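K.L.:
There's a structure below that I have some questions on.
Nothing in this text is a laboratory measurement; each read-out follows from the coordinates by a stated rule. Just so you know, these numbers come straight off a predicted model, no measurement behind them. Note: ideal-geometry Cβ built from the backbone for every residue, glycine included; neighbour counts use all protein chains shown.
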Amino acid sequence: MSDQQLQHLVRMINQISATNLHHGDEATAAEVVAGHMRKFWARSMKQMIVEYADTDGTELLPVSRQAVERLKK
């Protein structure tokens, strides 16, 4: 995937995270976001966002970062 595709994934996960903050706390929102990614994101998309979080991740919101960590479990 290209840098443009990675930026698109970062925007997507951050939007999903921001939308799900109404669930109460960040941990709950992160679990909802991780569930969404498990269900709807292709393996390549998940792999790319995990690699990004492990190597840089500066553009990820805190909830997004937590959701990516939950994907690793």
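K.L.:
For the chain, what size does the Cα cloud have along each of its three principal axes, sorted from largest down, in whole Å?
P.N.:
34, 21, 18
K.L.:
Ok, one more. Name the long-range amide H neighbours of Leu61: under 5 Å, sequence gap of 5 or more, or other chain; modelled H, no Pro or chain starts.
P.N.:
none
K.L.:
Assign unit charges at the C-beta atoms only (+1 for Lys and Arg, -1 for Asp and Glu), then state the dipole size of the chain relative to its Cα centre in Debye, rounded to the nearest 20.
P.N.:
Numbers: 9 positive and 9 negative charges, 78 e Å.
Using only the charged Cβ atoms, the result is roughly 380 debye.
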